[in-house]
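Take a look at the structure below.
The values are calculated or read from the model by the stated rules, or taken from the named source; none is laboratory data. Please read these numbers as outputs of a predicted model, since none were measured by experiment. Every residue, glycine among them, receives a Cβ derived from its backbone with ideal geometry; neighbour counts consider all protein chains shown. The accessibility values were calculated without ligands, DNA or RNA, using every heavy atom of the protein model including side chains. Shrake-Rupley method; radii C 1.70, N 1.55, O 1.52, S 1.80 Å.
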Amino acid sequence: MTYLADSKRYERIPYRRVGRSGLVLPALSLGLWHNFGDATPFDTQRALLRTAFDLGINHFDLANNYGPPYGSAEINCGRLLREDFRAYRDELILSTKAGWDMWPGPYGQGGSSRKYLISSLDQSLRRLGVDYVDIFYSHRFDADTPLEETASALADIVRQGKALYVGISSYSAGKTREIAALLREHRVPLLIHQPAYNLFNRWIEKNLLDATEAEGAGVIAFTPLAQGLLTDKYLNGVPADARVNRPGGASLRPEHLAEANIERARALAGIARRRGQSLAQLALAWTLRDARVTSALIGASRPEQIVENVAALDNLAFSAKELAEIDRHAVEGGINLWEKPSTDWQE
C-alpha cells in the first residue's frame, strides 16, 4: 500500500536552528545505527521510519558502516526512500558519515583522508540511491591525516554537490575550532558537531559547547539514552532481548551495566516519575535543556519507543532544584567509547 504521511506531522515536534545556519532540525532525530541492518525484519524498519516521519522527525542519520553487516543500513534505508519516501525527499534531512573501518585494505580502515572520505561518500550515495545527502560528517578526528586535507575534502564534497552541509563527530573542542577555521578558508561553514552526550557522559560541557557556539555550529547529541542504560530496560536486570545480547550490540558492554550505573539510573528514574516522565523521557529532556544542543539522536527497535521518546518534548522545563538533584546522580559512568578521538588520540 502506498505510504501517505500524516498531514499533521509538523504540528507535533519543535524544530531548532542549527547554529547560525539557515537549517533547522527536529528536536529529536532518528539514528539508524542499530535496528536497520539485515538482522532486523524489513517490515520493522519500515514501521520505524514511518512512525518517526508521521510524528515530525524528518531527519534520518546514518553512517557508511551501520548495520550489521556494514553498509546494510544505507541499503535498507535506500529501499525505503524509493518505496515510501520518494515524494518526501525535499522534506527529509539525510545524513551519513565516514571515519571508522569499512572495507579491506589501507584505504578502507577509517580515518579522515581525502581518499577515504570521498570514496566512502560515493559508496553511500549509491547504497542510498540519492544524488546528494544533506549533511556529511567526518565521523572521527584522524591524527594521522593533516586537518587541512580533511577540511579540503569536506569543502570539495560541498562544491561537487554531493552534500549540502558538512559536519564533524567526536572532535575535541580544539580540533573543532581548527577545522572550522580551515573550512572558512574554503568558504564552507562547519554546520554541526555530533558528540556522544548523556547523563552519564557529560564531556561536552567542559569546553566543546563553548567552541561550537563560538564557531556558529550546532550540536546533535548521539547516545542520549546511553545505548538503553537510561531507560527502564536495565533497572531490574538484563533482559534476554537486550542489545548486549543481539548481533551488532557489542558497543554496549557488560561493564557499562555496572551496579553503580544501575543504581544511579534507578535514582534518576525516581526523579522522572515525579515529573510524570519515564527515565528515557527525562534523559532526552535533560539533553535538550541547553539551547546550544540542536537535536538529540534517538534509536528504536519498536515504533512505540519513538512515540514515548517524542512525548519527552511535552515537558522540557527543569527547576533549579530538579537540576541540582539530577547532578548528584548524573556523573561519569565509564561509558564513552569515543573518548580517544575526542581527545586527539593518536595510535
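Across segment 146-164, what is the number of residues that are outside any helix (DSSP H, G or I) and within 16 Å of SER120 (Cα to Cα)? Let's see the steps before the verdict.
Step one: filter segment 146-164 for residues outside any helix (DSSP H, G or I), giving 146, 160-164.
Going one step further and asking which of them are within 16 Å of SER120 (Cα to Cα), we end up with 160-163.
Residues meeting the conditions: 4.
Restricting to segment 70-88, what's the tally of residues that are among the small types (Gly, Ala, Ser), in a loop (DSSP other than H, G, I, E, B) and free of Cβ contacts under 8 Å to residues at least 40 places away in the same chain? Steps first, answer last, please.
The first filter runs over segment 70-88 and keeps only residues among the small types (Gly, Ala, Ser), leaving 71-73, 78, 87.
The next check asks that each one be in a loop (DSSP other than H, G, I, E, B); those that pass are 71.
Cutting the leftovers down to free of Cβ contacts under 8 Å to residues at least 40 places away in the same chain gives us none.
Matching residues across segment 70-88 total 0.
Failed condition for GLY108, given (1) at pLDDT 95 or above; (2) out of contact with any Pro (no Cβ under 9 Å at 6 or more places or on another chain); (3) open to solvent by less than 10 Å² (accessible area, probe 1.4 Å), with all others met?
For GLY108, the exception is condition (1).
For segment 190-235, name all the residues that are over 16 Å from LYS340 (Cα atoms), assigned to a strand (DSSP E or B) and among the polar types (S, T, N, Q).
Correct list: ASN198 only.
Determine whether ASN58 is among the polar types (S, T, N, Q), modelled with pLDDT of 95 or more and open to solvent by 10 Å² or more (accessible area, probe 1.4 Å).
yes
Report yes if PRO41 is within 21 Å of ASP314 (Cβ to Cβ) and either within 15 Å of the chain's Cα centre (by Cα) or modelled with pLDDT of 95 or more (or both), otherwise no.
The answer is no for PRO41.
Applying the selection to segment 184-203, what residues are surrounded by fewer than 23 Cβ atoms within 10 Å (Cβ to Cβ) and either under 17 Å from SER152 (Cα atoms) or without any contact (Cβ under 8 Å) to a residue 40 or more places away in the chain (or both)?
If the condition is that a residue be surrounded by fewer than 23 Cβ atoms within 10 Å (Cβ to Cβ) and either under 17 Å from SER152 (Cα atoms) or without any contact (Cβ under 8 Å) to a residue 40 or more places away in the chain (or both), then ARG184, GLU185, HIS186, ARG187, VAL188, PRO189 are the ones that fit.
Among the numbered conditions (1) modelled with pLDDT of 95 or more; (2) open to solvent by 30 Å² or more (accessible area, probe 1.4 Å); (3) closer than 23 Å to SER169 by Cβ, tell me where ARG82 comes up short.
The failed condition is (3).
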